[in-house]
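The values are calculated or read from the model by the stated rules, or taken from the named source; none is laboratory data. Worth saying up front: this structure is predicted, and the values here are computed from it rather than measured. Cβ coordinates were reconstructed from backbone atoms using ideal geometry, including for glycine residues, and neighbour counts include every protein chain displayed. SASA here: full protein model, heavy atoms, side chains in, ligands and nucleic acids out. Shrake-Rupley method; radii C 1.70, N 1.55, O 1.52, S 1.80 Å.
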Amino acid sequence: QKTSICYLSFPDSYSGGLGDTQFSFRLRQAGGPRSSPFQDDGRYNREAPVTLQREAAHYFGYVYFRQVKDSSMRRGYFQKSLVLVSRLPYVNLFQCLLQLIAPEYFDKLEPCLEAVCNEIDQWPPPVPGQTLNLPVMGVVIQVRIPSRVDKPGSSPVKQCNQENLLPAPLVLPSVHELDLFRCFQPVLIHIQMLWELMLLGEPMVVMAPSPTVSSELVLALTSCLAPLRYCCDFRPYFTIHDSEFKEYTTRTQAPPNIVVGVTNPFFIKTLQHWPHILRVGELRMSGDLPKQVKVKKLAKLKTLDTKPGIYTSYKTFLHKDKTLIKRLLKGIQRKRPSEVQSALLRRHLLELTQSFIIPLEHYMASLMPLQRAITPWKNPPQIRPFCQEDFMKSLEHAGPQLTCVLKGDWLGLYRRFFKSPNFDGWFRQRHREMTQKLEALHLEAICEADIVAWMKDKSEVEIVDLVLKLREKLVRARCQHLPVKEETLQRVSLYIDTIIGSLPEDLQAVLHHP
């Protein structure tokens, strides 16, 4: 794993550029999931947006690479990377942190890192919804940790607790949001197609001139489904030394559901059997709409001198949104700041995803049993099964056409989506949440019931069985952090004591000390 991190921390093809560059990668954890050193994993993941949850099986690496001429070095160059490894996808926060630390580290080496680590050790844990002040090297970085209850698409809450900090804090508007307009500039007219490919979890290669361009574009692509979680694998930067290289380049099986960012021209040859290849040049912000890449046939993928383009035979299900392009063009003419253009783009993608997902959410909610069907002395009723055909019928009167002006084959898009890992991930998460809600409602129904009346004609065996079941429910409610009020749990606990108190003393002794 350390070797993989080392390979991923340097550009793997000739990089003539001198100076400092930053990029990121994502790495599969070796040896299966391990317990996290953070005690509060459960709480953070419950309260954070699904797109920002801590990952159990992957690490993110954030790299600051310096390459400068140095005649004292054997190769004539000073080449070094400082890498921050985390389970959190906070690309802005960690790259900002590296901008502060790395230049100092390259000058002063180990003692500087030791001092920085001591400061970072004092930082509070990331609690969703809180604004944190993070001191490091004489600077205070101020960030707000996003929460699941934030309204999607709302601008970050104004940071108010400045607390007369001296020095004035370095305020980051977002811990994770990229400049989408800059990342997508050569493919703006194809944003619809790229959104569909991400939604369907299609295998895609991003070929870029540098790890910076490759990692930013891959992260931008996987973020364009928010608030829906992208459930497939993704590698913002991938090299030929990676342990999964053989797995991805084999032609004996279909490419996996993954977006992979590469820079080495060798990949053009080894990955040319993949169905979607996006080749881009250097990202340069200019006054005009940057040259837009064309969609080309996969057969035109020439080795090594491949021109920028989207090499695919994919036909989109939805028509292009010409109004978005017009608005972005107008923004370029009026010299609108990049962050404003990015906000426009993010808003458009959010509305597109919501139009697609809201009918699914409505249908899923209709599968929940009615509250009156939940009775205290029977197991809670089951959630009804998801029937694709019933869902398709529901679209006639409650489909995406209600909230989205885009025309096209929405039904065909849903049918393909049902086969993707993104549907599977979304459905599992929703089903789990609904099951927990049913458990919580059942506990509340038990609290409202007249337990003494129920016990009147019951045998000791039935009463002991009830005690054991209630205990099990209590343990599960606490372990799974079910959405139940604490007072409800305390009342159930009191019920258990009341029931045990009504039993003969020998049984009481057994139940008090199982």
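Pick out the one residue from A365, A398 that is open to solvent by 40 Å² or more (accessible area, probe 1.4 Å), small (G, A, S) and either without any contact (Cβ under 8 Å) to a residue 40 or more places away in the chain or touching a Lys or Arg at 6+ places or on another chain (Cβ under 8 Å) (or both). Talk me through it step by step, then tell me what you get.
Details: A398 fails: open to solvent by 40 Å² or more (accessible area, probe 1.4 Å).
Among A365, A398, only A365 is open to solvent by 40 Å² or more (accessible area, probe 1.4 Å), small (G, A, S) and either without any contact (Cβ under 8 Å) to a residue 40 or more places away in the chain or touching a Lys or Arg at 6+ places or on another chain (Cβ under 8 Å) (or both).
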*Taking the stretch 198-220, which residues are in contact with a strand residue (DSSP E or B) (Cβ under 6 Å, 6 or more places away or on another chain) and aliphatic (A, V, I, L, M)?*
M204, V205, V206, M207, L217, V218
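Which one is nearest to Q508 (Cα to Cα) among residues in the stretch 450-465 that are aliphatic (A, V, I, L, M) and open to solvent by 20 Å² or more (accessible area, probe 1.4 Å)? Before the answer, list the steps.
To start, the set of residues in the stretch 450-465 that are aliphatic (A, V, I, L, M) comprises 451-453, 455, 461, 463-464.
Those left that are additionally open to solvent by 20 Å² or more (accessible area, probe 1.4 Å): 452-453, 455, 461, 464.
Details: V452: 17, A453: 20, M455: 16, V461: 13, V464: 10 Å.
Filtering the stretch 450-465 for residues that are aliphatic (A, V, I, L, M) and open to solvent by 20 Å² or more (accessible area, probe 1.4 Å), the one nearest to Q508 (Cα to Cα) comes out as V464.
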_Members of the stretch 1-55 that are modelled with pLDDT of 85 or more, surrounded by 12 or more Cβ atoms within 10 Å (Cβ to Cβ) and of a type in the set (D, E, K, R)_ = D20, R26, R28, R46, E47, R54, E55
*What are the pairs, 6+ residues apart or on separate chains, where a residue within the stretch 91-115 that is outside the structural domain of I141 (by the TED database) has its Cβ under 6 Å from a residue that is open to solvent by less than 60 Å² (accessible area, probe 1.4 Å) and among the small types (G, A, S)?*
none
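For the stretch 79-91, name all the residues that are more than 17 Å from W123 (Cα to Cα) and within 17 Å of the chain's Cα centre (by Cα). Before you say what the answer is, go through the steps one by one.
First, pick out the residues of the stretch 79-91 that are more than 17 Å from W123 (Cα to Cα): 79-83, 89, 91.
Once the filter is applied, which keeps residues that are more than 17 Å from W123 (Cα to Cα) and within 17 Å of the chain's Cα centre (by Cα), the stretch 79-91 yields P89, V91.
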*Under the condition of being in contact (Cβ under 8 Å) with a residue 60 or more places away in the chain and more than 21 Å from P385 (Cβ to Cβ), which residue from the stretch 352-362 is nearest to the chain's Cα centre (by Cα)?*
T353
*Given the residues K320, K419, K330, which is the only one that is over 21 Å from E202 (Cβ atoms) and open to solvent by 20 Å² or more (accessible area, probe 1.4 Å)?*
K330
*Starting from the stretch 467-494, take each residue that is over 29 Å from A509 (Cβ atoms) and list its partners that are polar (S, T, N, Q) and surrounded by 13 or more Cβ atoms within 10 Å (Cβ to Cβ), counting only C-beta distances under 7 angstrom and pairs at least six apart or across chains.*
Q480/Q436; L482/Q436; P483/Q436
_Conditions (1) open to solvent by 100 Å² or more (accessible area, probe 1.4 Å); (2) out of contact with any His (no Cβ under 9 Å at 6 or more places or on another chain): number failed by L301_ = (1)
*Run I141 past the list (1) open to solvent by less than 20 Å² (accessible area, probe 1.4 Å); (2) modelled with pLDDT under 90 and report the number of the one that doesn't hold.*
(2)
*Scan the stretch 430-479 for residues that are closer than 23 Å to L370 by Cα and not in a helix (DSSP H, G or I) and jot them down.*
A449, D450
